[in-house]
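Participant: Okay, handing you the structure first.
The values are calculated or read from the model by the stated rules, or taken from the named source; none is laboratory data. No experiment lies behind these values; they were computed from the predicted model shown. FYI the Cβ positions are ideal-geometry reconstructions off the backbone, even for glycines, and counts take in every protein chain you see.
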Amino acid sequence: MSIAVTCPACGCHSDIEAFLADADGKRMAALFADLDPALGRAVLGYLRLFKPAKQALRLPRAARIVCDLLELVNAGAVSRDDRTGMRRETTATLWAKGIEQMIDHRDRITLPIDNHNYLRAIVFGLAEQQAARTEARTEEAKRTGQHRRTAPGGHTEAETAGDRETAFARQLFSFNQIDGAELDRRLAEIAAKYQGGA
């Protein structure tokens, strides 16, 4: 008994076994199996933005698009432009939201798209907004004295925040986004900031 399905990315119809018969089909199935469910649903819609007019999106191309996107998602940080070196921490949820924004505003985009640059810019903007909200909460906590409360493990929240900033600075260094001198400067600044608030 065969099961007829329609590919949500390219719109072609076939038996489900046909989609999984070749290496690219198996690769796509494996890629989607590991995706966060919300991101997986968003990616299916995102693939439509790559579909050429009056043509189907070929499976090898779709697999390459998803693979490249997952490299960006799994990096855990995104830059609007690699030349600037500025990166923001991201999550699968932010990538899903960025894709949903692109799909919602696809009438403003020249289709088909051929890379992830526009999506990267959107996700970077979302990550900046999230970082700004986190910083505002941190500043408000400092202002009201709540930054000295004890966090799980016996550390104060200031220490926990300092640990996060230290880890982020070290991550920038590991991605060659800052040099050793800049890393030392940032670490000294973080140490002074949180020792002063303790």
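Participant: I'd like to verify a number: residues in the stretch 88-100 that are in a helix (DSSP H, G or I) and crowded, with 16+ Cβ neighbours inside 10 Å, how many?
Facilitator: Total meeting the criteria: 8.
Participant: Report the residue count in the stretch 40-56 for those that are in contact (Cβ under 8 Å) with a residue 60 or more places away in the chain and either farther than 13 Å from His116 by Cα or assigned to a loop (DSSP other than H, G, I, E, B) (or both).
Facilitator: The qualifying residues number 5.
Participant: Same structure, new question: Evaluate the following for Ala127: is it at pLDDT 85 or above and part of a helix (DSSP H, G or I)?
Facilitator: Values: at pLDDT 85 or above: yes; part of a helix (DSSP H, G or I): yes.
Yes: the conditions hold for Ala127.
Participant: So, one more: Specify which of the listed residues (Leu49, Leu57, Leu119) is more than 26 Å from Gln171 (Cβ to Cβ), at pLDDT 90 or above, in contact with a helix residue (DSSP H, G or I) (Cβ under 9 Å, 6 or more places away or on another chain) and aliphatic (A, V, I, L, M).
Facilitator: Going through Leu49, Leu57, Leu119 in turn, the sole match is Leu49.
Participant: If you check Asp24 against the conditions, is it farther than 24 Å from Arg170 by Cβ, outside the structural domain of Ile178 (by TED's automatic domain parsing), over 17 Å from the mean Cα position of the chain (by Cα) and assigned to a helix (DSSP H, G or I)?
Facilitator: Answer is yes for this residue.
Participant: In addition: Across the stretch 21-39, which residue is farthest from Val123 (Cα to Cα) among those that are charged (D, E, K, R) and without any contact (Cβ under 8 Å) to a residue 40 or more places away in the chain?
Facilitator: First, pick out the residues of the stretch 21-39 that are charged (D, E, K, R): 22, 24, 26-27, 34, 36.
Then keep just the ones that are without any contact (Cβ under 8 Å) to a residue 40 or more places away in the chain; that gives 22, 24, 26, 34.
Values: Asp22: 33, Asp24: 28, Lys26: 29, Asp34: 21 Å.
It comes out as Asp22.
Participant: Among the residues of the stretch 62-87, what is the count of those that are assigned to a loop (DSSP other than H, G, I, E, B), touching a helix residue (DSSP H, G or I) at 6+ places or on another chain (Cβ under 9 Å) and farther than 18 Å from Leu126 by Cα?
Facilitator: Qualifying residue count for the region: 0.
Participant: Among the residues in the stretch 50-57, are any touching a Ser or Thr at 6+ places or on another chain (Cβ under 9 Å) and under 21 Å from Gln101 (Cβ atoms)? Break it down stepwise before answering.
Facilitator: In the first step, residues of the stretch 50-57 are kept if they are touching a Ser or Thr at 6+ places or on another chain (Cβ under 9 Å); the result is none.
No, there is no match, as no residue in the stretch 50-57 is touching a Ser or Thr at 6+ places or on another chain (Cβ under 9 Å) and under 21 Å from Gln101 (Cβ atoms).
Participant: If we scan the stretch 67-74, do we find a residue that is of a type in the set (Asp, Glu), surrounded by fewer than 17 Cβ atoms within 10 Å (Cβ to Cβ) and closer than 12 Å to Tyr46 by Cβ?
Facilitator: yes
Participant: Among (1) closer than 21 Å to Gln177 by Cα; (2) at pLDDT below 90; (3) in contact with a helix residue (DSSP H, G or I) (Cβ under 6 Å, 6 or more places away or on another chain); (4) assigned to a helix (DSSP H, G or I), there is one condition Ala132 misses while meeting the rest; what is its number?
Facilitator: Condition (3) is where Ala132 drops out.
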